[in-house]
Structure formats: C-alpha cells, structure tokens
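S.K.: The following block contains the structure, expressed as structure tokens.
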Ligand code: NAD
C-alpha cells in the first residue's frame, strides 16, 4: 500500500422532525404498519446461519398486550459454545483486514441507516421498546450513525498515535484487537447501546458474542441485518439472544474470554465482575471489563435559577422515554423561593403530558417495558402515597389493562433520605426535596452523599459563584455534569457518556477512551545499526 487513508471527518447526524407533511413521517408510518402486521421469527445467528432453536418467546408491544410482533428463539449453552468457536474463527481473518476496509463496513452501515434502514430501525424500536418517534430517532437512527462515524474517526486518531524514535531507531505501536472474543451484553432501553457494545469492538478487529436484552431482540435483529447488508462478514458478531445466565456462564468460563462490554443494572454488572474474578486463572489474557450501569441522576437548583428553564428540564429530563434512561433525572433539590414559583406550573405541565401508543404521534410518553418494571415502579408510587415522609403531587395513576402505563409522577419528599430520593426507580417518577434558601452548600453535600451512583447531574443557577461551588463540590457526583440544561440527551462526539462510583467504569461511550479498551498495543523497536560489542565505553581502561 502506498497511501495512508483517513476516514471522513464525522458530523453528527441531523435529527429529523417527523412533523406532519414530511417524507420521513410517511415512511415511518408505513414501517410501523409493516412491522405491526408481520410475524417476526427471530433466530439466533451464528456464522451468518440463522438458527431456530424452537425454544421461543413471544414479543409483545409494551403499550399494547394485543399487539404481537412475533417470536424470538432462545440460545442456550450449546449455541453459546458454537457461537464462541465460530467468532474466534471469523476473527482470525477479520483482524487481518486492512483498517480502511473494516471502517468502510461500519461507515456504510451508518449511511444505510441514514437512508434506507432508518424507518425500519425506528419503527422496530418504537414498537418493541415503546418509544415515541422522536425518542427512537435520537436513539436508533442518529446515535447509531454517530457511534459508527465517530467511532471510525476515534480509531483513526488512536492508530496515528506513535512514539518518538531516537537516533538510529524506529519505534512504532501496532494497535492489535484483543486476542480472543469480546462478550457484549446490552440493555433494553437504547437500540444504539447494543449497536455500540457489539459494533465498536468489532470495528477495531475484535470478534464479538452479542447477547441483547430479551426486550430489545426485535431492534437488535434489525441492527444485525443492517450490518450484514453493509458487508460485515459472518461470525464477526454472532447474535445470541438467549438465557442470560446460561450464555454468560459459557462465555465467562471460556479461556478466550477477552473483554466484557456491558450496559445494564449495577447488580448484574457486579455479579459478572465477581464471576470474572473467580475465573481469572482460566483466561489467556486479563479481560477488559467495561460496564456502564445505574444512576440516580439529580437536578439541583440555586435560588437564582431560571424558573422556566428549570421546569422544562425537570419535565423533559424526568419523563421522556418514561424515565427509562440511565441519565433520567429522578431526584431534584429546589429552594423554597423557587418552589413557590414553579410548583403549580410543574404539576400542571406534568399532569398535562399525553400518554399512549407511540404510533399515535401526539403522545409524549408511552408504556414502561414490562410487568416487572411496572410492578416495581408502581410499588414506589404506592409506598410514597402511603408515607408521611412523602406526598404524590402529580400523576400517581397507573393501569396495566391495555399496556404497562404509568402516569408521569412527582413525589414531594419531605425527608431527603426517602427511598424515592435514593433508589434507581427507572421509571417516570421524579422525587423533589425542597430546601431552605440559605442551605445551598449543605444541600450540595447532600446531593453528593445521598446515592451510591455518579452518572449524570445538573445545576441550575444564574449566579456564577454558585455554579462554581456546585462544580467543585459535585466533582465526583456525576460523570456527565450539566449547567443550566437537563441531564439527559448526551450526543456522541459532544458529550462522551459514562459515570463512576456505582454507575460504571466510566470508559465514556462515544469517545476514544472506549475505543482504546478493545485494543492491545504492541510496541515495535527496530534498530538500524545494532551494537556488536557487549562492553560499554565506560568499561574501557583509562
Ligand atoms: P439489566 O441489568 O436487567 O439487563 C442488562 C443485560 O444484562 C441484558 O442483556 C440482560 O439479559 C443481562 N442480564 C440480566 N441478568 C443477567 C445475569 N444474571 N447474568 C448475565 N446477564 C444478565 O438492565 P436493563 O433493565 O436491560 O437496563 C436498565 C439498566 O441499565 C438500568 O439500571 C440503567 O441505569 C442501566 N443503563 C445504564 C446506562 C449507562 O450508560 N450507564 C445506559 C443504559 C442503561
């Protein structure tokens, strides 16, 4: 080769509006009709072969128990073993591909998603995970496109980082994909997370075993088919929707297990880490463990806060996608003077949010993901309603008759340690504590100490000194810190995402920091005139 190629400079994918009369709206509605009426029969995919194990699970839309979207076939230990063997085989050839060919596969996938695949992935996400058109667009379309375009750019930048060379020597670093396979385990709430957990290690040459969430198999399958159409060779990513414990036990006991790329709850990540610890002597390499997990994300307002901006941030930050974003605001600390000004409007705006089927574009919120989530979230609401420490001041109603619907709910927590101020509820519940105006500094300390998590957080203040103080005191309370903005909606390349403490390893999805975790550098020193004499000059006779 006589050229060093550079991947195209990435630009964030524009978010389409889906306003009435637009072409994208018509295309999306057609895709919704198509996916609603087809009976998907989603296989396990190993080496490009579609395997139907016969152990099937029905896919129902969370917002409509009557709407069956098809079935998916469950992988067990046997399929996991086959998939790992196949991935290791496929990786050998894939890792030897020139970087630009691997990058081109993912850049093409981004282009296809930007055009012909956009409505399909959005519709699958809307129906299978109960998202509005807008929430799907920023996830299943724009964020995946951004992960792939920016990911290729970040990898390119990493590859160009080379050591200095002394006289007569040429030092180089080769960025090898991890030896073995990467195990990608993705959550239900973002289609883009599955695409990134599996796609980013694959882009830099790793082989990947991808186990999607049982609630995101439909959109995960579409993501796989998109990559296949873009030219991803069979086996580089094997798609194994399956029994999480069986697949994980096989993957993590395997000597070639080289890395875990996980997003999900803190408890599951901790259990996987424990398993890795127990198995550590079995592995050929020390596995890379990357996990982004739970959050108890905060908004803290200063008496100088802009009232309208704060109110809007609370409503959007807490209730979009039913609060099922790891970054969703779920506790707020508001001074009495501000609370007097915004309380009634906040309650009215929250109670006015439209809720229902995502195929009806007038709805702002849809259903929560499943029965387990519904029971857990409504349990918090019921306990708050019955508690003398808390009061439900907006929402609080729920029904599982047609789908798993919970009204956006605001709890006024008189006790700052009430469970709704501390636990990750992962639903449309915002818990607010009102503090005396003169207790700003103490309140910041409370924000810092109340939760084990440290994912996202926001400060609202027009007073720069107060912003400064929050910035300092909350340094370790959030991996993504927002000033006068809601704590959700991180954009790849702009706000690299991740938190520390119990929220994860903070390897920042959508950044160079994440990409480098899937690479194992080899340093090469070449000497042009090697020494030919063992003795050093200082040893010579005087
Ligand atoms: P989850 O932990 O229930 O599931 C995540 C994945 O782990 C799924 O693929 C699931 O099948 C698998 N899993 C579950 N139990 C397992 C076990 N015992 N062994 C092996 N694998 C197992 O999480 P979820 O409900 O899908 O997603 C919501 C959670 O994810 C929330 O806690 C949320 O905060 C977190 N999340 C974090 C981020 C982030 O970037 N920090 C992003 C999205 C979601």
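Derivation of every value follows stated rules applied to the coordinates shown; laboratory data play no part. On a predicted model such as this, the values are computed, not experimentally measured, just so you know. Please note: Cβ atoms are built from the backbone with ideal geometry, for glycine as well, and neighbour counts cover all protein chains shown.
S.K.: Rg/Rh for the chain to two decimals, with Rh computed the Kirkwood way over all alpha-carbon pairs. Working shown, then result.
M.R.: On the way: Rg = 25.0 Å, Rh = 24.6 Å.
Computed over Cα atoms, the ratio is 1.02.
S.K.: Which number do you get for Rg(Cα) / (2.2 N^0.38 Å) in the stretch 265-408? Kindly include the intermediate steps, with their values, before the conclusion.
M.R.: Numbers: Rg = 19.3 Å, N = 144, 2.2 N^0.38 = 14.5 Å.
In units of the 2.2 N^0.38 Å rule of thumb, it is 1.33.
S.K.: Starting from the Cα gyration tensor of the stretch 56-135, take the square roots of the eigenvalues, sort them a ≥ b ≥ c, and report rounded, prolate or oblate (rounded when a/c is under 1.5, otherwise prolate if a/b is larger than b/c, else oblate).
M.R.: Taking the square roots of the gyration eigenvalues as a ≥ b ≥ c, the stretch 56-135 is oblate.
S.K.: Please work out the C-alpha center-to-center distance from the stretch 225-271 to the stretch 1-55 and express it in whole Å.
M.R.: 20 Å
S.K.: A follow-up question, please. Output the antiparallel fraction of DSSP beta bridges having both residues in the chain, as a percent to the nearest 5.
M.R.: On the way: 29 of 73 bridges.
Restricted to the chain, the bridges split so that about 40 percent are antiparallel.
S.K.: Please work out the FRET efficiency for the pair residue 463 and residue 415, using the Cβ-Cβ distance as r and a Förster radius of 35 Å; give the result to the nearest 0.05.
M.R.: Details: r = 28 Å, r/R0 = 0.79.
It comes to 0.80.
S.K.: Could you list the square roots of 5 times each eigenvalue of the Cα gyration tensor of the stretch 247-299, that is, the equivalent ellipsoid semi-axes, sorted largest first and rounded to whole Å? Mind dumping the intermediate values first?
M.R.: Values: eigenvalues 121, 20, 15 Å².
Listed largest to smallest, the semi-axes of the stretch 247-299 are 25, 10, 9 Å.
S.K.: List the pair-distance distribution P(r) of the stretch 1-68, using every Cα-Cα distance, as the percent of pairs falling in each 5 Å bin from 0 up to the bin containing the longest distance, rounded to whole percents.
M.R.: The percentages, shortest bin first, are 3, 11, 11, 12, 12, 14, 14, 10, 7, 4, 2, 1.
S.K.: Just to confirm the number: angle between the C-alpha axis of helix 144-159 and the first principal axis of the chain, 0 to 90 degrees, nearest 10?
M.R.: Orientation of helix 144-159: about 40 degrees from the principal axis.
S.K.: While we're here: Using a 7 Å offset from the Cα along the Cα-to-Cβ direction at both residue 400 and residue 476, what is the distance between the two label points in nm, to one decimal?
M.R.: Those two pseudo-labels are separated by 4.0 nm.
S.K.: Round to the nearest 10 and give me the degree value, 0 to 90, for the angle of helix 118-129's Cα axis relative to the longest principal axis of the chain.
M.R.: Here the helix axis deviates by roughly 60 degrees.
S.K.: Pop out the Kirkwood hydrodynamic radius of the stretch 465-506 from its pairwise C-alpha distances, inverse of mean 1/r, in Å to one decimal. The partial results should precede the final answer.
M.R.: Numbers: mean 1/r = 0.0884 Å⁻¹.
Roughly 11.3 Å, rounded to one decimal.
S.K.: Under 8 Å for C-alpha pairs, at least 6 residues apart: give me the relative contact order for the chain, rounded to a whole percent. Could you put the intermediate results ahead of the total?
M.R.: On the way: 1186 pairs, mean separation 91.9, N = 542.
Relative contact order, the chain: 17 percent.
S.K.: Sticking with this one: If we sort 441-448, 512-519 on the protection proxy, mean other Cβ atoms within 10 Å, highest first, what's the order?
M.R.: Numbers: 441-448: 17.8, 512-519: 21.1.
Top to bottom by mean Cβ count within 10 Å: 512-519, 441-448.
S.K.: Also: Working from Cα positions, state the angle (0 to 90°, nearest 10) between the long axis of helix 336-351 and the longest principal axis of the chain.
M.R.: Helix 336-351 sits at roughly 90 degrees to that axis.
S.K.: How big is the C-alpha Rg of the stretch 158-258 next to the rule-of-thumb value 2.2 N^0.38 Å, as a ratio?
M.R.: 1.33
S.K.: By average Cβ neighbour count within 10 Å, what is the ranking of 235-247, 188-200, 29-41, 219-231 from highest down?
M.R.: On the way: 235-247: 23.4, 188-200: 27.7, 29-41: 14.4, 219-231: 21.6.
So the peptides 235-247, 188-200, 29-41, 219-231, ranked by packing, come out 188-200, 235-247, 219-231, 29-41.
S.K.: OK, next. As a test of the formula, what do you get for the chain when each DSSP H run with n ≥ 4 contributes -39,500 (n - 2.57) and the sum is divided by the residue count, at 222 nm and rounded to the nearest 500 deg cm²/dmol?
M.R.: Numbers: 17 runs with 205 residues, N = 542.
That comes out to -12000 deg cm²/dmol.
S.K.: What is the spin-label model distance, in nm, from residue 173 to residue 26 if the labels are put 7 Å beyond Cα along the C-beta direction?
M.R.: My value for the distance between the label points is 5.2 nm.
S.K.: Taking the Cα-to-Cβ direction at residue 158 and at residue 340 and moving 7 Å from each Cα, how far apart do the two end points lie in nm?
M.R.: 5.5 nm
S.K.: Output the peptides 89-97, 301-309 sorted from most to least packed, where packing is the average of other Cβ atoms within 10 Å over each peptide's residues. Before the final figure, lay out the partial values.
M.R.: Working: 89-97: 16.2, 301-309: 18.6.
Ranking the peptides 89-97, 301-309 by packing returns 301-309, 89-97.
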